[in-house]
Amino acid sequence: MVCGGFACSRNALCALNVVYVLVGLLLIGVAAWGKGFGIVSSIHLIGGVIAVGVFLLLIAIVGLVGAVHHHQVMLFFYMIILGLVFIFQFGVSCSCLAINRSRQEGLFSSAWPILSNETKTELERRLDCCGLLNRSADPPTAHAFQADFHVCPAKCKTLLGKDPRAKCLTCGEKMLQHSDEALKILGGVGLFFSFTEILGVWLAMRYRNQKDPRANPSAFL
């Protein structure tokens, strides 16, 4: 088999689309894990990453079928849609990496007050934390934290004063750690693999214009 021939191009395109399937599943999985912390879903970029993962997964399947059957129409739409996915994925990935800790704190601080008391207590119980952020320098925030801490049902609160090693983190601290990690993974993986999508478009275009040796040798498919 000569590299650059029909079979080589088909195999390379198939292998690239298998990678896209895995990347799509990874993006969906990490983004779903990021949304699993409840209030972290207020970072709407995570929803955008899930959309990118779904589109990448679907277009990769289209690319695989088109590559195996050398289907002209499927390969054409594959190139167009993959190019659009690249643009969207590149933008979302850069945005994920650009959100700093203070911006995340602002998002959480704006979302926390509008949550119902039942949602807050369920979040505190599930994450084993109390309140959003404890800022003694900001009286309104400190007062709101004390009110939340007073009714907090978290297990860590019951250990305070009984175990000298016990400590009860705020939910803001836990969610910031979680969102930081999720955004870095999503941004890094998405940005890295977005450039391979340019290769996918070029390879599909090249493969689409090659002769299929299984068909009439004098015909270009």
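Taking region 129-141, which residues are surrounded by fewer than 16 Cβ atoms within 10 Å (Cβ to Cβ) and either over 24 Å from residue 158 (Cα atoms) or touching a residue at least 40 places away in the same chain (Cβ under 8 Å) (or both)?
137, 138, 139, 140, listed by residue number.
Mind listing whichever residues of region 74-107 are over 20 Å from residue 61 (Cβ atoms) and either among the aliphatic types (A, V, I, L, M) or touching a helix residue (DSSP H, G or I) at 6+ places or on another chain (Cβ under 6 Å) (or both)?
87, 90, 92, 93, 95, 96, 97, 98, 99, 104, 107
What about residue 89, is it polar (S, T, N, Q) and closer than 30 Å to residue 210 by Cα?
yes
When you scan region 50-143 for helices (runs of 4 or more DSSP H) that lie fully inside it, which ones turn up with 3 or more residues that are at pLDDT 85 or above and of a type outside the set (Gly, Ala, Ser)?
Hits in region 50-143: 72-98, 117-127.
Find the residue count for region 176-221, including only residues that are modelled with pLDDT of 85 or more, of a type in the set (D, E, K, R) and open to solvent by less than 40 Å² (accessible area, probe 1.4 Å).
The total comes to 1.
Given (1) open to solvent by 40 Å² or more (accessible area, probe 1.4 Å); (2) more than 30 Å from residue 173 (Cα to Cα); (3) in contact (Cβ under 8 Å) with a residue 60 or more places away in the chain, identify the lone condition not met by residue 87.
(3)
The values are calculated or read from the model by the stated rules, or taken from the named source; none is laboratory data. Only a predicted model underlies this, so the values are computations on that prediction, with no experimental measurement involved. As a convention, Cβ positions derive from the backbone with ideal geometry for all residues, glycine included, and neighbour counts pool all protein chains shown. In case anyone asks, the SASA skips ligands and DNA or RNA and just uses the protein heavy atoms, side chains included. Shrake-Rupley method; radii C 1.70, N 1.55, O 1.52, S 1.80 Å.
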